[in-house]
Each structure stands twice: as C-alpha cells, then as structure tokens.
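What follows is a set of notes on a single structure, which appears directly below.
The values are calculated or read from the model by the stated rules, or taken from the named source; none is laboratory data. All of these numbers come straight from a predicted model, not from anything done at the bench. Neighbour counts are summed over all protein chains in view; Cβ atoms, including those assigned to glycine, are modelled from backbone coordinates with ideal geometry. Only protein heavy atoms, including side chains, enter the accessible area calculation; ligands, DNA and RNA are left aside. Shrake-Rupley method; radii C 1.70, N 1.55, O 1.52, S 1.80 Å.
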Amino acid sequence: MVKLALRSFWKNPAFTVVATLTLGIGIGANTAIFSVVHTVLLQPLPFEDPSRIVSLWEYSPDDAGRMHRSRTTAANYFDWKAESKAFEDMALYGSAGLNWTGDGEPEQLLGGRVSASYFSVLGIEPVLGRTFLPEENRIGNHRVLVLSHGLWQNRFGGARDVIGKVLNLDDAPYQIIGVMPPGVYPTWPQATGRTPFLPLYQQFWVPMALSQERAADRGSHVYGVLARLNAEVTLEAARAEMTTIARRLEDAYPRSNAGETVLVVPYMDEVVGGARAVLWTLLAAVGLVLLTACANIAGLNLARAAARQREVALRSALGAGRSVLVRQLLSESMLLGLLGGALGTGLAFAAIDVLVRISPSEIPRLAESGLSPPVLAFTLGLSLLTGFLSGLVPALKSSRPDLKTSLREGARSTTERFGLRSSLVVCEVALAVILVVAAGLLVQSFRRLREVDLGFAGKNVLLADLALPRSRYEDWKSVSRFHREVLDRLRMFPAVSEAALAYDHPLESNWIDSFRIVDGVQTEESFAAALRIVSPGYFRALGIDLRQGREFTELDDAEHPGAVIVNDAFVRRYFGGSGAMGRSIYSSTPSFMGIDLPDTFEIVGVVEDVRFLGPRSDPEPAFYLPAGQFPVNEMLLTVRTETDPLGLAAGIRGEIWAIDPNLPVSNVTTMERYVGEALAQPRFTASVLSFFGVAALALAALGLYGILAFTVARRTSEIGIRMALGARANDVIAMVVGQGLRLTTFGLVLGLAGAFITSRVLSGLLFGVRGTDVTTFGAAVVFLGLVAAGASYVPARRAARVEPLRALRYD
C-alpha cells in the first residue's frame with residue numbers, strides 16, 4: 001500500500017507539495033508550542049516528589065481593606081516551623097548580593113541566603129561537595145558558599161577541584177563547599193509575595209546566619225518560606241492548619257500580625273505564575289490552526305477523489321472490497337501526514353529557537369525547550385492523527401463509487417453536489433474568525449498597555465547596581481560620602497544631563513514600610529506604603545513631575561530636619577486628596593542605620609504617581625525619603641543621558657572605579673529595557689496569536705479558492721451553455737463570487753459565535769478592551785470578507801473567460 005501511495009503522490013506532485021507544506025506548517029507550529037508547554041508546564045521540576053513542595057506567604061489587608069500577599073518575617077517563620085505538624089520541614093530564604101574581588105574586574109554576584117534545611121526541603125543533592133550544616137546557620141560559621149551550576153560552568157570551567165577554593169566576597173573569605181545541579185531555585189523574594197525565577201538571581205547560596213535580634217523581629221517582611229508537605233497531609237489540611245496558627249499569632253502579637261493569614265501555594269504554581277494561562281491559550285490556538293489545515297487537506301482529498309473516480313471504480317469492479325479501498329486511501333492520507341510531520345519537525349526546530357528569543361525572560365525553563373523524546377512522540381502521534389482525520393471522510397466517501405457513472409469514459413456531472421467540501425470551507429472560515437478575533441483583541445489590549453502613562457520618562461536612562469561592601473563602608477556617613485562623590489563626578493561627565501541614586505527603579509517595589517502620621521503628637525495608628533529611597537536629582541533624572549513643593553537637595557541630610565516627598569496616591573489615601581504639604585510622618589526604619597538619623601519627616605513635596613507594578617496595576621501610595629537621611633549600601637545608579645546610554649557605560653564605570661577600583665558596577669542596562677520587559681508577555685502572546693490568525697486566514701482563503709476553482713472546472717459545460725445563451729462575463733463572476741461569499745457568510749456567523757465564547761476565556765489576558773469589543777469583531781468580519789472576496793474573484797475571472805464553443809465540446 002505504501003508503494004501505491006508513493007506512486008500516487010509521484011503522479012500528482014502539485015497536490016503532494018501543497019498538502020505536505022500545509023500539514024508541515026500546522027504540525028510544526030503545534031510541535032513548537034507543545035515543546036514549550038511540555039518544558040514549562042508538564043515536565044516535573046528536578047526535585048524529589050516536587051508536588052509536595054509549597055511556598056508560604058503572608059496574606060494581609062492593606063489600609064484600603066484589600067488583601068495582599070507579602071514576604072514574611074523571621075519571627076513568624078520560626079513560629080510557623082515550631083507549631084506546624086503538616087510539614088516535613090520548612091526553610092527560610094532571602095536575597096543576597098556579594099561583591100567578588102581579587103580575580104579580574106570586580107563582579108557582583110546575586111543569590112540567596114538560606115537556612116540549612118533549604119536544599120533538603122527542595123529534595124535535591126549537590127553534584128559536587130555538600131550543602132549547609134545546621135551549625136553553619138550561626139554567625140561566625142557562616143562563611144561557606146554553594147555555587148550554582150551556571151556559575152560553576154561559566155567562571156570555573158566546570159572544574160571538579162573547585163571544592164575548597166576560597167573566594168573574596170565583600171572583603172571576606174568564603175569557602176566553596178558544594179555545587180548544585182541546574183534547577184529552578186527561589187532566592188530573591190519580592191515585596192509583592194512573588195519570586196522571579198531568573199538565572200541572574202540564582203548564582204550562589206550562603207547560610208542564613210541571623211542574630212537573636214533579627215530572629216525575633218516581626219517588623220521586617222523580607223523573607224520567603226519553602227515547606228515540604230508530609231506524605232499523608234493534603235494541601236487543604238495544611239492550609240487549614242496554617243490559618244489556625246496565623247490566628248494564634250494574631251492574638252499573641254496584635255500590633256504586627258493583625259488581620260494576617262498564610263497562603264500555602266504549590267511550588268509549581270509559583271514557578272509557572274501567569275505563564276500557564278498564556279501557554280495553554282497558545283496551544284489551543286495552534287490546535288485550531290491544525291484543524292484548519294486538516295479541513296483544507298480533507299477538501300483537497302475530496303477534490304482529488306473526484307478526479308480518481310474512474311480509478312477507484314475500476315479497482316472495485318476488479319474485486320477490491322470497500323475495506324481494501326478505505327485502507328488504501330487512508331494509507332495515502334496517513335503517509336501524507338507523516339511527510340508533513342517530517343517537514344513540521346524541521347520547521348519546529350527553527351520555530352522553537354524563535355519562540356525562546358522573543359518570549360518573556362520571566363518564564364522559567366523556557367530556554368530548555370527542544371525536540372525531546374516526549375515532544376517527538378507527540379509529533380509522531382499528531383502526524384498520524386492528522387493524516388487519519390483529514391483522510392477518513394474522503395476515504396469513506398470515495399470507497400462507494402457509482403460504477404455505471406464512474407466507468408463511463410469522460411463522464412461529468414454538472415449537477416454534482418459539493419455539500420461536504422462546502423462544509424469544510426465553512427469550518428475553515430469559522431476557525432479563522434475565532435483566531436483573527438482573538439488576535440485582534442490581544443493586539444488591542446497590548447496597544448492599550450503601551451499607551452498607559454507609567455508616570456516617568458524612561459528614554460535615555462542608564463541603570464547600574466552599586467553595592468557597597470559593609471567591610472569598607474560600615475557606617476552611614478561613609479556611604480553618604482561615597483554617594484555624593486559619585487554623583488558629583490557623573491554630573492560633570494559629558495552627555496550626562498542628570499545623575500541620581502535610588503533603591504529601586506520605577507518598575508520595582510521591593511520595600512513596603514510602616515509609618516504614622518504625626519501632627520505635633522504621635523499617634524498609635526500605623527499605616528504602610530511603598531518606601532522609595534532616592535537622592536537629589538532623582539525626579540529630574542526619571543522625568544517624574546513635581547506637583548507641589550520642592551525636590552530633595554544636598555541639605556536633606558542627617559544634619560537637617562527630616563524631609564519626605566509623597567505621591568498623589570499617598571495624598572488621596574491619607575489626606576483626602578489635599579492638605580498634605582507641611583504635615584509630618586514618623587518612621588523609625590532609618591534610625592536603625594544610625595542613632596543620628598531622623599525619624600520624623602516633614603512633607604516638602606508631592607510628585608505624580610508611578611505605576612511601580614507595571615501598566616496593569618493602579619498607582620499605589622508611596623513616600624520618598626532622601627538618601628542623605630536614609631543611606632543604604634545597595635543602590636541603583638540612575639543616569640539620564642543626551643546620547644545612547646549604553647555608549648556611556650564604559651566611561652561611567654571608569655568614573656566610579658576612580659573612587660573605588662574594587663567596587664563592581666553590575667547589571668548595566670537601560671530603563672527602556674525594563675519597560676520592554678513589563679510589556680513582554682502581552683507582546684509575546686499578541687504576536688504569536690496574530691501569526692496563527694494569519695496562518696488560519698491564509699488556509700481558509702486557500703480552501704475557498706480551491707473549492708471554487710474545482711467548482712468552475714466541474715461546471716465548465718454549464719458555464720459555456722450559460723454564456724452561449726447570453727450570460728455576460730459579469731454575470732458569471734457574480735455567480736462564482738456569490739457562491740464564495742455565501743460560504744463565507746455561513747463561516748462568519750459560526751465563527752462569530754465561537755469568537756464570542758473564546759473572548760470570555762481570554763478576558764483574563766485583556767487590558768482596557770472588552771471581550772465583546774464591537775470594533776474588533778467588526779474589523780475581523782470586514783477583513784475576512786475582503787480576503788474571501790479576493791479568494792473568490794480569481795476563479796470567477798477564470799470562469800468568465802470560458803469560451804462557449806470550447807466548453808460545449810468539453811464532454
């Protein structure tokens with residue numbers, strides 16, 4: 001049967017090429033998307049029994065009564081661990097940045113500070129050496145280091161003798177004791193109760209050595225918690241237990257734990273995050289593209305079967321049973337599916353690389369996508385299924401020929417019904433409508449996101465991390481002195497219009513801090529808002545508008561009264577929209593840096609809102625404290641330039657190294673890059689779905705063209721008679737185009753109903769546009785109508801050129 005199928009393909013190369021390309025594109029797109037879905041969503045995490053790993057976050061109300069997830073405190077963690085029976089063990093982790101010097105240019109490494117139980121909770125062993133011992137979580141024994149697999153390969157060449165080496169980190173010796181395998185490790189918990197699983201933050205681990213004071217602290221919400229469920233405990237039981245524990249802690253510590261409960265989240269959900277909905281949506285969309293391709297091939301098979309009626313009838317007359325004919329025709333279709341699968345595999349190999357390059361960096365493990373054995377098995381099964389589906393109906397229809405009619409030499413029917421082929425075209429149009437509308441909604445949503453005013457001007461802004469080691473900058477005065485000197489030098493640098501320092505860039509919010517409003521008398525009522533530490537010049541460097549009052553100056557230091565600038569959202573929330581100027585707030589946090597720092601700050605200015613959590617978020621209340629009155633060692637250099645920011649990076653590094661040659665200038669990038677990353681996921685989804693929409697539209701147009709061309713060929717005699725009886729060319733064109741538009745109309749109606757249902761599923765991915773947006777639906781209908789008219793016009797013109805005399809001789 002395979003030989004017969006190959007011989008049949010050889011006789012009709014045009015059909016073979018078109019069908020193989022159509023199936024190859026559909027199968028290749030499905031293989032590429034499935035590869036990503038398998039890697040990110042379906043492939044188990046590289047840990048022992050990963051389904052038992054969970055993350056714990058605090059969940060508490062803000063001043064407006066809305067519940068938010070957040071990091072926890074060390075004291076809460078130790079209480080959770082002591083009181084819980086649902087978990088085999090718990091682990092605490094937090095962010096860590098250490099400056100590596102003494103081996104070429106200084107470099108900042110980013111990783112995690114973790115408790116000794118961290119790796120056992122994850123259930124993973126090192127590839128070299130060991131992990132931390134319990135006694136290494138005590139101050140004095142904590143200068144040991146575990147390397148990530150990436151850092152080991154990139155900086156040590158994968159050398160196995162790395163164990164025992166000593167690195168100079170923050171001017172202190174740290175001994176390497178282990179190397180971990182590749183994995184998805186939590187290391188850098190965010191204030192919003194999320195963990196970014198980026199390789200940048202997974203370079204090393206050091207022990208979580210806490211002082212007694214820090215271990216008892218319930219005010220610093222800076223940690224993440226991992227836990228491993230006991231084998232016999234369900235997730236629901238663990239959640240119930242943690243709720244009970246949270247209530248006991250609220251009763252015991254009402255000032256710090258009021259209203260708090262605990263979120264217990266499967267670790268896989270933390271890793272996948274919002275990518276799950278996006279990837280399943282894309283897989284469903286690419287499945288619709290393949291269904292469109294199957295309908296197209298089924299239509300081609302039906303047309304080909306009509307041309308092979310005489311051959312099939314002859315085989316039947318010679319004794320071939322229906323089952324034999326069905327097997328032969330299905331074998332041809334399934335072989336065609338395998339040819340399409342082979343082509344699709346090659347296309348998928350290239351498509352996966354493109355998907356990885358254009359996808360958001362925040363999707364963990366996506367870079368590991370490839371043609372793994374499960375993906376290849378999926379492709380093989382999909383190829384066979386596609387061949388079967390696209391060939392079954394044509395095979396069943398063709399295997400019951402009318403012998404008398406089919407064996408008559410040259411017999412043709414001018415009244416042949418094309419119901420099945422027409423139905424396939426209607427389905428193709430309907431599927432195309434669904435994808436085009438979905439793509440249109442996501443493109444509209446992305447456009448609205450791009451138009452959101454973020455509250456700052458990110459163009460021509462250079463960013464770089466500066467982390468001053470506490471061994472050389474041990475008090476706040478030395479920190480402030482260095483900051484002033486750096487900014488003075490950079491402001492004199494050519495093409496620099498402003499330079500400033502900040503704890504976060506505008507699209508980060510890593511510090512939520514408590515404060516009290518004071519008016520001569522301190523009150524006990526405490527609030528919380530985003531704390532932003534910035535130097536003079538920050539608002540000019542980022543183009544953030546000053547609404548009232550003044551910006552910070554060099555006089556806002558420890559020698560002068562405390563000053564604070566708040567945003568519009570802060571004024572709306574806490575002062576009813578006006579009257580904030582001259583009022584004061586109390587925050588004891590800066591005083592931990594040194595006894596001479598202020599703790600009461602007068603509101604000297606109001607600035608516009610910045611959407612710290614991205615364009616989808618509403619502006620949150622924030623208060624800005626001057627770096628001179630709250631100097632911290634880890635700051636972000638923010639430089640506004642008059643030319644390409646990255647072109648000045650080397651010169652700016654040189655100015656900083658002129659002050660301290662052992663200070664790393666790390667993560668040099670631009671603010672535009674962070675803005676792009678904030679829009680990366682909606683851009684990725686809209687782009688890929690738009691490509692699928694165009695592919696489905698092209699297939700639908702091809703299917704419509706094919707059936708009309710076939711109809712014209714089969715109705716040549718009829719058209720000739722019509723023209724001989726006086727029909728004009730325009731009448732023939734109208735007849736053929738009308739048939740195409742009728743099929744299109746049926747497809748549009750069916751597709752719009754499907755698109756309406758689909759839009760409700762997409763609602764979670766949309767921003768600023770309703771799922772039933774009339775403009776998008778109308779544009780899709782008009783666009784598809786025009787494409788259908790174009791696809792119909794070509795065979796219509798061909799029909800209008802039929803010569804009546806030649807057509808009448810056709811039979």
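List of remarks:
- For region 117-130, residues that are β-branched (Val, Ile, Thr) and in contact (Cβ under 8 Å) with a residue 60 or more places away in the chain total 2.
Residue by residue, here is whether (1) under 24 Å from residue 363 (Cβ atoms); (2) surrounded by 20 or more Cβ atoms within 10 Å (Cβ to Cβ); (3) touching a residue at least 24 places away in the same chain (Cβ under 8 Å) holds:
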position	(1), (2), (3)
13	no, no, no
22	no, yes, yes
39	yes, yes, yes
73	no, yes, yes
93	yes, yes, yes
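- Restricting attention to region 480-520, the residues that are under 38 Å from the mean Cα position of the chain (by Cα), of a type in the set (Val, Ile, Thr) and closer than 24 Å to residue 219 by Cα total 1.
- Taken together, the residues in region 84-107 that are within 27 Å of the chain's Cα centre (by Cα) and closer than 19 Å to residue 635 by Cα amount to 4.
- From 336, 389, 420, 407, residue being over 25 Å from residue 706 (Cα atoms), aliphatic (A, V, I, L, M) and modelled with pLDDT under 90: 407
- Any hit, region 237-256, residues being at pLDDT below 90, open to solvent by 30 Å² or more (accessible area, probe 1.4 Å) and either over 30 Å from residue 209 (Cα atoms) or not in a helix (DSSP H, G or I) (or both): no
- Test: residue 348 is more than 24 Å from the chain's Cα centre (by Cα), outside any loop (DSSP other than H, G, I, E, B) and at pLDDT 90 or above: no
- Of note, residue 546 satisfies the criterion of being surrounded by fewer than 17 Cβ atoms within 10 Å (Cβ to Cβ) and of a type in the set (A, V, I, L, M).
- Qualifying helices (runs of 4 or more DSSP H) (wholly inside region 267-324; at least 1 residues being modelled with pLDDT of 60 or more): 267-272, 275-307
- Only one of the listed residues (556, 504, 519) is surrounded by 21 or more Cβ atoms within 10 Å (Cβ to Cβ) and either modelled with pLDDT under 95 or touching a Gly at 6+ places or on another chain (Cβ under 6 Å) (or both). That residue is 556.
- Within region 47-85, the set of residues being closer than 14 Å to residue 193 by Cβ, acidic (Asp, Glu) and not in a strand (DSSP E or B) comprises 62 only.
- Only a single criterion out of (1) modelled with pLDDT under 95; (2) under 35 Å from the mean Cα position of the chain (by Cα); (3) of a type in the set (Val, Ile, Thr) is not satisfied by residue 533, namely (1).
- Residue among 224, 193 that is small (Gly, Ala, Ser) and at negative phi: 224
- Here the strands (runs of 3 or more DSSP E) wholly within region 125-225 that include at least 1 residues being open to solvent by 20 Å² or more (accessible area, probe 1.4 Å) and touching a strand residue (DSSP E or B) at 6+ places or on another chain (Cβ under 6 Å) are 166-169, 172-179.
- Subset of region 43-71 that is at negative phi and free of Cβ contacts under 8 Å to residues at least 60 places away in the same chain - its residue that is nearest to the chain's Cα centre (by Cα): 44
- Taking every residue in region 767-796 that is in contact (Cβ under 8 Å) with a residue 60 or more places away in the chain and under 15 Å from residue 748 (Cβ atoms) and pairing it with any residue that is of a type outside the set (D, E, K, R) and open to solvent by 60 Å² or more (accessible area, probe 1.4 Å), at least 6 positions away or on another chain, the pairs with Cβ-Cβ distances below 8 Å are 788/741; 791/702; 791/705; 792/705; 792/741.
- Odd one out for residue 180, checked against (1) without any contact (Cβ under 8 Å) to a residue 40 or more places away in the chain; (2) under 34 Å from the mean Cα position of the chain (by Cα); (3) on the phi < 0 side of the Ramachandran plot: (1)
- Options 437, 425, 429; residue that is buried (at least 20 other Cβ atoms within 10 Å of the Cβ), modelled with pLDDT under 90, in a helix (DSSP H, G or I) and touching a Ser or Thr at 6+ places or on another chain (Cβ under 7 Å): 429
- Restricting 564, 534, 607 to those that are surrounded by 23 or more Cβ atoms within 10 Å (Cβ to Cβ), touching a residue at least 24 places away in the same chain (Cβ under 8 Å) and within 15 Å of residue 518 (Cα to Cα) reduces the list to 564.
- Candidates are the residues of region 451-470 that are among the aliphatic types (A, V, I, L, M) and part of a strand (DSSP E or B); the one that is farthest from residue 607 (Cα to Cα) is 467.
- Counted residues, region 585-639 - those being more than 27 Å from the chain's Cα centre (by Cα), in a strand (DSSP E or B) and among the hydrophobic types (A, V, I, L, M, F, W, C): 12
- Residues of region 445-478 classified as among the hydroxyl-bearing types (Ser, Thr, Tyr) and within 23 Å of the chain's Cα centre (by Cα), total: 1
- Count of region 82-123 residues which are of a type in the set (Asp, Glu) and more than 30 Å from residue 657 (Cβ to Cβ): 3
- Some residue of region 486-499 being among the β-branched types (Val, Ile, Thr), in contact (Cβ under 8 Å) with a residue 60 or more places away in the chain, open to solvent by 10 Å² or more (accessible area, probe 1.4 Å) and closer than 30 Å to residue 739 by Cβ: no
- Filtered residues of region 100-123 (kept if over 27 Å from residue 214 (Cβ atoms) and not in a strand (DSSP E or B)): 102, 103, 104, 105, 106, 123
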